[in-house]
1. So what are the three principal axis dimensions of segment 10-66 from its Cα atoms, in whole Å, longest to shortest?
2. Given the C-alpha atoms of the chain, compute the convex hull and give its volume per residue in Å³.
3. Return the carbon/sulfur percentage of the accessible area of segment 31-110, one whole number, probe 1.4 Å, all protein chains in place.
4. In the chain, if the dipole is taken from +1 on Lys/Arg beta carbons and -1 on Asp/Glu beta carbons about the Cα centre, which of GLY75, TYR45, GLY95 is farthest to the positive end?
5. Residue by residue, what Karplus-based ³J(HN,Hα) values in Hz, rounded to whole numbers, does segment 17-32 have, using 6.51, -1.76 and 1.60 with θ = phi - 60° and x for Gly and Pro?
6. With charges only on Cβ, +1 for K and R and -1 for D and E, what is the dipole size of the chain about its Cα centre, in debye, rounded to 20?
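The values are calculated or read from the model by the stated rules, or taken from the named source; none is laboratory data. Computed from a predicted structure; not experimentally measured. No Cβ is skipped: glycine too gets one built from the backbone with ideal geometry, and neighbour counts run over all protein chains shown. In case anyone asks, the SASA skips ligands and DNA or RNA and just uses the protein heavy atoms, side chains included. Shrake-Rupley method; radii C 1.70, N 1.55, O 1.52, S 1.80 Å.
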Amino acid sequence: MKPKLRVWVTFGEDLKFGDGRARLLALIDERGSLKKASQELEMSYRNAWGYLRDLEEAAGFKFVERVPGGGPESGMRLTKAGKRFLERYQKFRSGLDEAARKQFDRAFGA
């Protein structure tokens, strides 16, 4: 047995940012490509791109930018603000996981 938390950071009333979207950003950063990141997550490129547009509009800053070079094979990377947000989310999430494990152990005597 172990605890499992679902956590979202909301922008406005509707747009949620959680572990799945964090994974998309992390994969963009690792792979240098939205196409590769969306394929790895078995997500359509169109849905991934639409989500990023909606996220940037709701958050008020850019999360990703195209890598110079142009053309259909050009890459993508996180902006400084996008990296900073992802790092903060991961730190926040890690802290919640640790607190949940401690509370779980106290409650269930593990």
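1. That works out to 29, 21, 18 Å along the principal axes.
2. Details: hull volume 12.9 nm³, N = 110.
Spelled out: Cα convex hull of the chain, divided by residues, is 117 Å³.
3. Numbers: 2750 of 5590 Å².
The value for segment 31-110 is 49 percent carbon and sulfur by accessible area.
4. GLY95
5. 10, x, 4, x, 6, 5, 5, 4, 4, 4, 5, 4, 5, 6, 8, x
6. Values: 23 positive and 16 negative charges, 64 e Å.
Result for the chain is approximately 300 debye, rounded to the nearest 20.
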